[in-house]
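Presented below is the structure to which this report refers.
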């Protein structure tokens, strides 16, 4: 589930592909190794008020910048699709098709 959400949040670019490789784990051991590698890559600037450099910071920036272009945050599409589903269920009820209306 988390990999599906992450895939939707990342761009369909080489940077997105690399981010998926860095973040999506195949096993518990892989997850732990990826987490350790990302944490060790993080370097905080002295007197930098919490600013950091490293792969983890790059991934955070990529996700932050991509959020409004991703399918995951496309609220207009989501609302449109939901309203269409409601309309379809309504039409089925009016036409006597019933079926319980699965959304």
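The values are calculated or read from the model by the stated rules, or taken from the named source; none is laboratory data. Fair warning: this is a prediction, and the values are worked out from it, not measured in the lab. Please note: Cβ atoms are built from the backbone with ideal geometry, for glycine as well, and neighbour counts cover all protein chains shown.
In the range 9-31, is there at least one residue being surrounded by 11 or more Cβ atoms within 10 Å (Cβ to Cβ), part of a helix (DSSP H, G or I) and more than 18 Å from the chain's Cα centre (by Cα)?
Yes, because at least one residue in the range 9-31 is surrounded by 11 or more Cβ atoms within 10 Å (Cβ to Cβ), part of a helix (DSSP H, G or I) and more than 18 Å from the chain's Cα centre (by Cα).
Quickly run through the range 8-56 and pick out the residues that are under 27 Å from residue 75 (Cβ atoms) and either in the same structural domain as residue 77 (by TED's automatic domain parsing) or in contact with a helix residue (DSSP H, G or I) (Cβ under 7 Å, 6 or more places away or on another chain) (or both). Working first, answer last.
Within the range 8-56, the subset under 27 Å from residue 75 (Cβ atoms) is 8-13, 15-17, 19-20, 23-24.
Correct list: 8, 9, 10, 11, 15, 19, 20, 23, 24.
Can you name the residue in the range 66-80 that is in a helix (DSSP H, G or I) and loosely packed, with under 12 Cβ neighbours inside 10 Å and is also nearest to the chain's Cα centre (by Cα) among such residues? Give the derivation first.
Filtering the range 66-80 down to residues in a helix (DSSP H, G or I) leaves 66, 71-73, 75-80.
Subsequent filtering for residues that are loosely packed, with under 12 Cβ neighbours inside 10 Å retains 71, 75-77, 79-80.
Working: 71: 8, 75: 14, 76: 17, 77: 16, 79: 18, 80: 20 Å.
Across the range 66-80, the extreme among qualifying residues is 71.
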